[in-house]
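Working notes, beginning with the structure itself.
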Amino acid sequence: MQDDNKEPYILVTKEFEFDAAHQLPNYAGKCEQLHGHTFRIQVTVRSRIRADSGIAYDFLDLKKTVNDRVVDILDHSYLNDFIVHPSAENLCLWIWEKCGDLPLYEIKVWETPTSYATYREGL
C-alpha cells in the first residue's frame, strides 16, 4: 500500500530519570550483587506534524503516559520484582511493552552516564 501523505515524519523524544535497585542473576561480576542506579531513559515516538496544531506529538502527553506507566512504577523499586533479568536491555523491552500503544520509534536506557542499551522495533 502506498502512503500518499507527503508530510515528513518527526521524531519526538522525552527523557526521564528514576532511582531503582536491581541485581543480575547468573551474572559473574559485581552486578550480581544488589546495587542501585539512577536510570535515565529516553522514549522516542514517530509521528507526522498535525496541520491544526503544528505539533507531531505533545511532549506533555508523552510525559504523562511514560510517568504513569513506567517512572512512577519503577522509581525507588526493586526491578527484579518486575523483570526476571533486569538488565538495561530487558528494561528497554519492558518499557516498550508498557508503552506499546504509542507510536514508538526507540527506547534508550542508561544504567550509568556512559552505558546504555537501545531498542527499536525491527533491529
* Structure fact -> Restricted to the stretch 92-115 and to residues being under 13 Å from HIS37 (Cα atoms) and either out of contact with any strand residue (DSSP E or B) (no Cβ under 6 Å at 6 or more places or on another chain) or aliphatic (A, V, I, L, M) (or both), the residue surrounded by the fewest Cβ atoms within 10 Å (Cβ to Cβ) is THR114
* To do: Might you check whether a residue that is on the phi < 0 side of the Ramachandran plot, part of a loop (DSSP other than H, G, I, E, B) and among the small types (Gly, Ala, Ser) occurs anywhere in the stretch 89-110?
  => yes
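From the list THR38, THR118, which residue is loosely packed, with under 13 Cβ neighbours inside 10 Å and part of a strand (DSSP E or B)? Spell out the reasoning first.
Details: THR118 fails: loosely packed, with under 13 Cβ neighbours inside 10 Å.
After ruling out the rest, the residue left standing is THR38.
Inside the stretch 14-51, can you point out the residues that are among the polar types (S, T, N, Q), in contact (Cβ under 8 Å) with a residue 40 or more places away in the chain and touching a strand residue (DSSP E or B) at 6+ places or on another chain (Cβ under 8 Å)?
First, the residues of the stretch 14-51 that are among the polar types (S, T, N, Q): 23, 26, 33, 38, 42, 44, 47.
Filter once more, keeping what is in contact (Cβ under 8 Å) with a residue 40 or more places away in the chain: 23, 26, 42, 44, 47.
The answer is GLN23, GLN42, THR44, SER47.
Looking only at the stretch 52-82, which residues are part of a loop (DSSP other than H, G, I, E, B), on the phi < 0 side of the Ramachandran plot and touching a residue at least 12 places away in the same chain (Cβ under 8 Å)? Reasoning before the result, please.
Here is the first cut: in the stretch 52-82, the ones part of a loop (DSSP other than H, G, I, E, B) are 52-58, 75-76, 82.
Within this subset, residues satisfying the condition of being on the phi < 0 side of the Ramachandran plot are 52-53, 55-58, 75, 82.
Within the stretch 52-82, ALA56, TYR57, ASP75, PHE82 meet the criteria.
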* To do: Would you tally the residues in the stretch 57-83 being touching a Cys at 6+ places or on another chain (Cβ under 9 Å) and within 15 Å of VAL109 (Cβ to Cβ)?
  => 3
* Residues (under 12 Å from VAL43 (Cβ atoms) and more than 10 Å from the chain's Cα centre (by Cα)) located in the stretch 65-97 -> THR65, ASN67, ARG69
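None of the figures in this text is laboratory data; all of them are computed from the coordinates on show. Keep in mind it's a predicted model, so treat the numbers as computed, not measured. Heads up, the Cβs are rebuilt from the backbone with ideal geometry, glycines too, and the neighbour counts pull from every protein chain shown.
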